[in-house]
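Taking it in order: structure first as structure tokens, then the write-up.
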Amino acid sequence: MSRGATARLFVAVDPPAEVCEELAAWARVAATGLGLRAGRGGRPPLRLLAPDTLHLTLCFLGSRPVAEIETIAGALSSCATRVDELRVGAPLWLPPRRPRALAVEVHDDGGGLATLHAEVSRAIAAASDWEPERRRFAAHVTLARLGAGFRWRSRAEEPELRATPQLRFTPNAVVLYRSWLSRAGASYEPLLTSELQAPGR
Ligand code: ATP
Ligand code: MG
């Protein structure tokens, strides 16, 4: 591997497989009801993500030196804030006007996810020269991607989305992922899984 090699990294919480299956099924039905026109070259405007790739991003680290991965993994393994049950909320277009993604919001009623986000950000920033994002953490799970340049021509064009299923889950681990970008869509390689404190402890 060359000396200047970098890796695209992020830290995420993985909802359980059955929650991912239900979210993906919701997105499939929602997508068929949208009536979006095909994009350039007849490509579908919306690319649904496979259930086993769905995740909730806690911190996006971007491109980091490969040599730093071990340090970042070490910092993450010190993070264990307990997170209580999370609730799937309303669908979201992100960002709203020129959306690139269809997501669902995730409610963190106990506040543990926000605390975990702050803990992971602090630990990784202290161990490396990564600078945490300044924007507010907004928990969501992305279910589909829209082509570049897509935009609603008017507010009226923005479709109503059907209600999301009422799903709940309790995270028990955080995962450091390496993201491999390709034309077919990113694939995510888990590098380290760090267990969280069990609920009720
Ligand atoms: P693609 O970019 O090909 O559509 P992707 O967005 O899934 O694929 P990455 O760009 O590597 O792949 O992102 C990995 C994860 O980090 C995704 O959950 C993505 O939404 C999130 N992410 C990417 N960029 C940022 C960012 N600037 N801020 C916050 N989260 C980000
Ligand atoms: Mg991306």
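The values are calculated or read from the model by the stated rules, or taken from the named source; none is laboratory data. Here the structure is a predicted model, which means the values were calculated and not measured. In this analysis, Cβ positions are derived from the backbone assuming ideal geometry, glycine residues included, and neighbour counts consider all displayed protein chains. These accessible areas exclude ligands, DNA and RNA; they are computed on the full protein's heavy atoms, side chains included. Shrake-Rupley method; radii C 1.70, N 1.55, O 1.52, S 1.80 Å.
For Val104, indicate whether it is part of a strand (DSSP E or B) and more than 12 Å from ligand 1 (Cβ to nearest atom). I'd like the intermediate steps shown before the answer.
Values: part of a strand (DSSP E or B): yes; more than 12 Å from ligand 1 (Cβ to nearest atom): yes.
When the stated conditions are applied, Val104 passes them.
Of the residues Leu113, Leu61, Leu76, the single one that is under 19 Å from Ser194 (Cβ atoms), open to solvent by less than 30 Å² (accessible area, probe 1.4 Å), over 15 Å from the mean Cα position of the chain (by Cα) and touching a residue at least 60 places away in the same chain (Cβ under 8 Å) is Leu76.
Of all residues in the stretch 169-182, those that are of a type in the set (S, T, N, Q), within 12 Å of ligand 1 (Cβ to nearest atom) and surrounded by 13 or more Cβ atoms within 10 Å (Cβ to Cβ) total 1.
From the list Gly185, Gly149, the lone residue that is within 16 Å of ligand 1 (Cβ to nearest atom) and over 16 Å from the mean Cα position of the chain (by Cα) is Gly149.
Which of the residues belonging to the stretch 158-201 are closer than 16 Å to Val13 by Cβ and within 16 Å of ligand 2 (Cβ to nearest atom)? Matches in the stretch 158-201: Tyr177, Ser179, Tyr188.
From Arg145, Arg151, Arg98, grab the single residue that is in contact (Cβ under 8 Å) with a residue 24 or more places away in the chain, open to solvent by 70 Å² or more (accessible area, probe 1.4 Å) and in a strand (DSSP E or B). Steps first, answer last, please.
Numbers: Arg151 fails: in a strand (DSSP E or B); Arg98 fails: in a strand (DSSP E or B).
Of the residues listed, the single one that is in contact (Cβ under 8 Å) with a residue 24 or more places away in the chain, open to solvent by 70 Å² or more (accessible area, probe 1.4 Å) and in a strand (DSSP E or B) is Arg145.
The set of residues in the stretch 50-62 being in contact with a strand residue (DSSP E or B) (Cβ under 6 Å, 6 or more places away or on another chain) and within 12 Å of ligand 2 (Cβ to nearest atom) consists of Thr57, Phe60. Which of the residues belonging to the stretch 44-58 are open to solvent by 20 Å² or more (accessible area, probe 1.4 Å) and within 17 Å of Val175 (Cα to Cα)? Answer for the stretch 44-58, where residues must be open to solvent by 20 Å² or more (accessible area, probe 1.4 Å) and within 17 Å of Val175 (Cα to Cα): Pro51, Asp52, Thr53, His55, Thr57.
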